[in-house]
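The values are calculated or read from the model by the stated rules, or taken from the named source; none is laboratory data. If you're wondering where the values come from, they're calculated on a predicted model, not measured in any experiment. Because the Cβ atoms are built from the backbone with ideal geometry, glycine has one as well, and the counts that use them run over all protein chains shown.
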Amino acid sequence: MNYPIAINYALESSIVNYLQTLNTVSGSLLSGSNLNYYTGIGNEDLAEVPAVVVDAADATETDLQTLNYTFQVKVLVKEAAADTTNLGQYAQAVFNEFQNSYSSSANFTNANYGIGIWRVLRPRVSKEVVGDFLYNMIETTMYGALIPSGSAF
């Protein structure tokens, strides 16, 4: 059973929130970055570079009425191809966060958005240069649940 778009947006927002938090964490590869964040694939044409576009369009309830879900997550990192000094640095930093989350999925859990994540599968990456832009697509599967209001995960 596919769940309404609200659960997808909640996970997208939770991921963006986590990545934005890393902009202020000393030692993070994203620390001090000027990344722009968007939710929903389709916004890559509107996105100002460098940009991260998070899409969790596919959320499927694993067993009916359990509130347990399998999420197919895509994270697009868009960078200016002409920036040869730093080309690919943001994609590598974002990929590292998903790679680290392979063993620490709690990074994407966010009670404010009502999402608890307990497993992140190893991410896959593809890249493509189109015109003036480098597009890195990071894809992964996440397993999680809705957190009912007032509950702990």
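A few remarks follow.
- In the set (1) free of Cβ contacts under 8 Å to residues at least 60 places away in the same chain; (2) surrounded by 18 or more Cβ atoms within 10 Å (Cβ to Cβ); (3) hydroxyl-bearing (S, T, Y), S14 fails one condition alone, (1).
- Within region 70-104, the residues that satisfy the criterion of being under 20 Å from R124 (Cβ atoms) and either modelled with pLDDT of 90 or more or assigned to a strand (DSSP E or B) (or both) are T70, F71, Q72, V73, K74, V75, L76, V77, K78, E79.
- Matching residues in region 17-64 - criterion: being acidic (D, E) and touching a residue at least 40 places away in the same chain (Cβ under 8 Å): E44, D55, D58, E61
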